Every structure is written in structure tokens, then in C-alpha cells.
Amino acid sequence: MALLLSSVALIVLGEAIGSTGWAPPWGAQEPATATQILWEIRLPRSTGAWLAGALLGLSGAIAQGLFRNPLADPYLLGSSAGGTLGVALLLVIVGISPVAGGLAARVGLSGAAFVGAVLGVVLTLSLARGVQHTVRLLLAGVIVGFVLGAVVSLVMLAAPEIMRTMQAFMLGTTGFLGWPSVGLLAAALLVSALTAVACARALDALTLGESAALSLGIPLSRVRVILVGALALATGTAVAQTGMIAFVGLIAPHLVRHLCRPTHTALLCLSAVAGGLLLLAADVAARGLVAPQELPVGVLTAVLGGGYLLWLMHRQPVRDQA
């Protein structure tokens, strides 16, 4: 309840911060102008930022439960590198700029990012020969991420004119979110959250080890396929709409575990809400800290997430175990 109330408060605060800093639209002289600013620009941006963060938080909880690794994040299966490569190739082939091209250009970039993210996950699954072996799947995702990242660097080196547009995507931005993006993000969150929660008991069993989960009658192969599909859908949709947002998917489950010790049913839901709160807070700060300039939201999430991890390491130092 505290996370939800904080989210609502930040959405209201986000409506009062514009390109010039603190500028509540309800104080405008023209009611029509205030309504347009509120409903067509600020409200969809704030709502979309929360939904994208919720997708990343949910993806992080799925990844950490699936791989049984607290350092797993949503980008482990190559979705981020694939999405970045998709955008880079589209910019080279078509020459679309999201600033100059309007809605059609934005839809094209989002589509290319989503297709690239899905293909990155498919490539990871192919290299891992399915989802039967978690360690092989994890290693394949790391390899795909490095290889596709190198390809992106080569594409940018061959076509330096796309670097400015690629920089906005790679640093993360919520500035292009509108009501169509909100609809896509909400639909992806609904499908992926319901799918993940349906597999929550299997994730609880996996915490005891694969052998124990099999002895409890958990169909691990089918569960892994379903969870990887939910992870790909959630991560791919978030990356397609906001670009590369760092640390939200990694930090949100840790924040929930620090506050309470839930089972995976509650962990998945709370991680989604915490992720939405984190990204929305970063978006509001990005608009207001150095107004009229706007900071890249991905940079703020990296600073906040890294700072939180350092604080957590200081509070709970790692001890050598015999």
C-alpha cells in the first residue's frame, strides 16, 4: 500500500513538472492549454514511466527466481543488445530520427527494438539448446549480449550519423511516451504478470534446488519456457518504449526483499510496483533537477541503483563461508 500511494503521489508531482521545471498546468491562464498539457503530454509520460518500470521490476524478479541468482537482471537473455541492434539497423537502413520523424518514426523504432529484443532471446535459446539447463541458458545470454553489443559498435562506427539518436536510446528516455505506448505497456504488464504469478509456486520450489522441485512434481521444462516467454515479453516491451534503463530490474526485487520476506507470488507483484516507483521517481528527478535541461533517465537509475547496492553491501558485508 505504501508503494502504491507513493506511486500515485509521484504521478501527481510529475504532472506539475514540465520542460522548464516546476510549472503546474492547473495554474495556466488558458484552461484548454492546461488540459492539453496535462492529458496529452505529462500524464501519459508519467503513467508510461511507471508501467515500464513495473515491467522491468517484474522481469528482474522472474530472472532472479528462474536463475536462482540475486544478481540476475532482465537483460541477461540478450534482449537489450538485440533491441539496440534492431534500432541501429533501422536507423542505418531507413534513416529515421525520432525527433524529426513524428509518430510513424517512433512506432518504427519501437517495433524494431521489440523485434530485435525478441530475436536476441531466440538466439540465446538456440545457443543454449532450449531451457533445460539454467547455467547454459545464462552463459548463452551473456555471450549473445557481448556479441550483439560488438555488432552495434561496428554499425555505429560505420554510420556515425546515427550516434546521437542511438545515444538517446542507449541512455534511456521517457520523453516519447504517449497514450499508445501506455496501452502497449499496460497490456504487456497484464499478460506477463498473470503468467509469472501462475508460475510462482514453481519458483518457490526452485529455491530448494532443481532436484527438490522435480521431486515435488514441478514440470521444470514447461515452467522455464513459460517464464522465459514472460521475461522476453516484459523486457522487450519496456526496452522498445523507453530504451535501455539500467538497474531498475536488478534493484526492485532487492528492495522488496529488504523490506519483507515474501513468497514469489507477493515478490513478483511487489517488485513490479517497486520498479514502477523507482523509474517514475527517476523520471520526475530527470525533469526537475537541472530544468530546463533534462537528464537521461537511465543515468539517474544507474546512479540510484548503484548507490543502493553500495549501501546494501555496507549494511550487509559479504562474509567468507567455510
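The values are calculated or read from the model by the stated rules, or taken from the named source; none is laboratory data. Because the structure is a prediction, the values reported are computed rather than measured. Methodologically, a virtual Cβ is constructed for each residue, glycine included, from the backbone with ideal geometry; neighbour enumeration extends over all protein chains shown. For accessibility, only protein heavy atoms count, side chains too; no ligands or nucleic acids. Shrake-Rupley method; radii C 1.70, N 1.55, O 1.52, S 1.80 Å.
Below, the figures for the structure above:
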quantity: Residue in region 153-172 that is aromatic (Phe, Trp, Tyr) and in contact with a Gly (Cβ under 7 Å, 6 or more places away or on another chain) present; calculated: yes
quantity: Residue 222 vs. criteria in a helix (DSSP H, G or I), at pLDDT 90 or above, open to solvent by 30 Å² or more (accessible area, probe 1.4 Å) and not hydrophobic (A, V, I, L, M, F, W, C); calculated: no
quantity: Wholly within region 104-211, helices (runs of 4 or more DSSP H) carrying at least 1 residues that are small (Gly, Ala, Ser), open to solvent by 40 Å² or more (accessible area, probe 1.4 Å) and more than 16 Å from residue 234 (Cβ to Cβ); calculated: 134-158, 163-171
quantity: Leading residue by the ranking (farthest from the chain's Cα centre (by Cα)) among those in region 240-295 that are assigned to a loop (DSSP other than H, G, I, E, B) and among the polar types (S, T, N, Q); calculated: 293
quantity: Single match in 39, 50 (criterion: within 17 Å of residue 276 (Cα to Cα), open to solvent by 40 Å² or more (accessible area, probe 1.4 Å), at pLDDT 80 or above and of a type in the set (Phe, Trp, Tyr)); calculated: 50
quantity: Residue match in region 302-310 (condition: in contact with a helix residue (DSSP H, G or I) (Cβ under 7 Å, 6 or more places away or on another chain) and under 21 Å from residue 184 (Cβ atoms)); calculated: no
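Yes or no, residue by residue, for (1) farther than 18 Å from residue 195 by Cα; (2) free of Cβ contacts under 8 Å to residues at least 12 places away in the same chain; (3) of a type in the set (Ser, Thr, Tyr); (4) open to solvent by 50 Å² or more (accessible area, probe 1.4 Å):
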residue: 253; (1), (2), (3), (4): no, no, no, no
residue: 264; (1), (2), (3), (4): no, no, no, no
residue: 267; (1), (2), (3), (4): no, no, no, no
residue: 277; (1), (2), (3), (4): yes, no, no, no
residue: 281; (1), (2), (3), (4): yes, no, no, no
residue: 295; (1), (2), (3), (4): yes, yes, no, yes
residue: 298; (1), (2), (3), (4): yes, no, no, no
